[in-house]
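Trainee: This is the structure I want to talk about, given as structure tokens.
The values are calculated or read from the model by the stated rules, or taken from the named source; none is laboratory data. Nothing here was measured: the structure is a model prediction, and the numbers come from that model. In this analysis, Cβ positions are derived from the backbone assuming ideal geometry, glycine residues included, and neighbour counts consider all displayed protein chains. When the accessible area is computed, the model is the full protein with side chains, heavy atoms only, and any ligands, DNA or RNA have been set aside. Shrake-Rupley method; radii C 1.70, N 1.55, O 1.52, S 1.80 Å.
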Amino acid sequence: AFAALRPHYLERVRGHGNRFELKAGLEAAMEFARAGNKYIDDKKPWITRKSDLEVTANTLYEGLQAIKLLAVVLLPYLPRTAGKMLAIFCFDAAAVRWDDGVVPVPPGSKLFEPEILFAKVELPKAGE
């Protein structure tokens, strides 16, 4: 299941980092992000919320776990952005340990309001 992927990807990114294979580490993190997107797309919580709140809650919970793991593994690459992601979970980026990425967020935990991670860039249309 999707939850079982978290420790695998944490170790993959850690291994690449330990070997100074930074590009490969970032690629592994992005591979996990794509797996998370697929998990959410496949589970369709926007549909299941009308018929099965338990399934919806589990899907969203697993999505939050994925975001937390991504924040931890992206910290060396995008410290400010990952710090904003970790703040949602009440974590101080300076105090986070690598293994915190796979420590589950306790159900019912208070989450802080997320910040916008990246400003949207509007490209001029052709001819403008």
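Trainee: Quick one: would you say Leu78 is over 19 Å from Ala3 (Cβ atoms) and open to solvent by 30 Å² or more (accessible area, probe 1.4 Å)?
Mentor: So Leu78 passes the test.
Trainee: Still on this model: Only residues in the range 86-115 that are more than 23 Å from Glu54 (Cβ to Cβ) and open to solvent by less than 70 Å² (accessible area, probe 1.4 Å) count as the first member; pair them with residues that are at pLDDT 90 or above and β-branched (Val, Ile, Thr), Cβ under 7 angstrom, at least 6 apart or cross-chain, and list the lot.
Mentor: Between residues of the range 86-115 that are more than 23 Å from Glu54 (Cβ to Cβ) and open to solvent by less than 70 Å² (accessible area, probe 1.4 Å) and residues that are at pLDDT 90 or above and β-branched (Val, Ile, Thr), the close pairs are Leu86/Val96; Val96/Val72; Trp98/Val72; Asp100/Val72; Gly101/Val72; Gly101/Val73.
Okay, residues lined up against (1) on the phi > 0 side of the Ramachandran plot; (2) in a helix (DSSP H, G or I); (3) in contact with a strand residue (DSSP E or B) (Cβ under 8 Å, 6 or more places away or on another chain); (4) among the basic types (Lys, Arg):
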| position | (1), (2), (3), (4) |
| --- | --- |
| His16 | no, yes, no, no |
| Phe20 | yes, no, no, no |
| Arg34 | no, yes, no, yes |
| Leu64 | no, yes, no, no |
| Gly83 | no, yes, no, no |
| Leu123 | no, no, no, no |
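Trainee: Turning to a different aspect of this structure: Cβ-Cβ distance below 8 Å, separation of 6 or more or different chains: which pairs start in the range 51-66 with a residue that is farther than 16 Å from Val103 by Cβ and end on one that is open to solvent by 60 Å² or more (accessible area, probe 1.4 Å) and assigned to a helix (DSSP H, G or I)?
Mentor: Listed pairs, sorted by first residue: Val55/Lys43; Thr59/Lys43.
Trainee: Residues being part of a helix (DSSP H, G or I) and surrounded by fewer than 17 Cβ atoms within 10 Å (Cβ to Cβ): count how many of those fall in the range 49-62.
Mentor: So the answer is 7.
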